[in-house]
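S.K.: Encoded as structure tokens, here's the structure I'll be asking about.
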Amino acid sequence: MPRPVPVPGDTDSPNGISGILRNGPCVAGFVAFFIAQSLKVLTHWYTEAKWDFTQVMRSGGMPSSHTACVVGLTAALGTIQGTDTGTFAIGLVLSLVVMYDASGVRLHAGKQATVLNIIISQLPADHPGSGETPLRDRLGHTPRQVAVGALLGVVTGYLVGIMWHGFGMPS
């Protein structure tokens, strides 16, 4: 069923921020992302024995927030709309691509950046490449970090999906 054409000033319009906030799968993705980013502070404290709240704004680390986000979206789509829909299929394929990218391409790009930073740091002072700003080397995720992000996404998406049905919210 097609959606009605929005009328400017109509507060019941499905468009804009209120439409996003009424979209269960979108909310699930954002909640999973926020939880994953927040958990990075705790996992950093656990591994490094110091608090670093800047971890909330960083990529890489435990768990993968990108994975949690897309898997949360996909799990909510499956819970709310069913796993036999085209939107679930799109979410599933997108999730697999993001997880592959996080643990493959981005992880290896980060490892290459680490090696390049070491090489640059050993250049003589008169070399044109010396003094370059170090490359960011915390880009990707280990398979374990991706798996934990996926688990977080499944749980978050499922719970948000169940709540969405319980509150009678539109899918």
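S.K.: Looking at A76, A113 in this structure, which one is surrounded by 15 or more Cβ atoms within 10 Å (Cβ to Cβ) and at pLDDT 75 or above?
M.R.: A76
S.K.: Cβ-Cβ distance below 9 Å, separation of 6 or more or different chains: which pairs start in region 108-132 with a residue that is closer than 18 Å to T142 by Cβ and part of a helix (DSSP H, G or I) and end on one that is at pLDDT 75 or above and open to solvent by less than 50 Å² (accessible area, probe 1.4 Å)?
M.R.: Close Cβ pairs satisfying both conditions: none exist.
S.K.: Only one of T133, T142 is farther than 20 Å from S103 by Cβ and either open to solvent by 90 Å² or more (accessible area, probe 1.4 Å) or at pLDDT 75 or above (or both). Can you tell me which?
M.R.: Going through T133, T142 in turn, just one is farther than 20 Å from S103 by Cβ and either open to solvent by 90 Å² or more (accessible area, probe 1.4 Å) or at pLDDT 75 or above (or both): T133.
S.K.: Would you mind stating whether T83 is open to solvent by 50 Å² or more (accessible area, probe 1.4 Å), in a loop (DSSP other than H, G, I, E, B) and at pLDDT 75 or above?
M.R.: So T83 passes the test.
S.K.: Can I ask one more? Could you list all residues from region 14-44 that are small (G, A, S) and open to solvent by less than 10 Å² (accessible area, probe 1.4 Å)?
M.R.: Initially, region 14-44 is screened for residues small (G, A, S), giving 16, 18-19, 24, 28-29, 32, 36, 38.
Result: G24, A28, G29, A32, A36.
S.K.: Please work out if M57 is touching a helix residue (DSSP H, G or I) at 6+ places or on another chain (Cβ under 9 Å), open to solvent by 10 Å² or more (accessible area, probe 1.4 Å), over 18 Å from F167 (Cβ atoms) and at pLDDT below 70.
M.R.: Numbers: touching a helix residue (DSSP H, G or I) at 6+ places or on another chain (Cβ under 9 Å): yes; open to solvent by 10 Å² or more (accessible area, probe 1.4 Å): yes; over 18 Å from F167 (Cβ atoms): yes; at pLDDT below 70: yes.
The answer is yes for M57.
The values are calculated or read from the model by the stated rules, or taken from the named source; none is laboratory data. Not measured: the values here are computed from a predicted model. Using ideal geometry, Cβ is built from the backbone for each residue, glycine included, and neighbour counts are taken over all protein chains shown. These area figures cover heavy atoms from the full protein model, side chains too; ligands, DNA and RNA do not enter into them. Shrake-Rupley method; radii C 1.70, N 1.55, O 1.52, S 1.80 Å.
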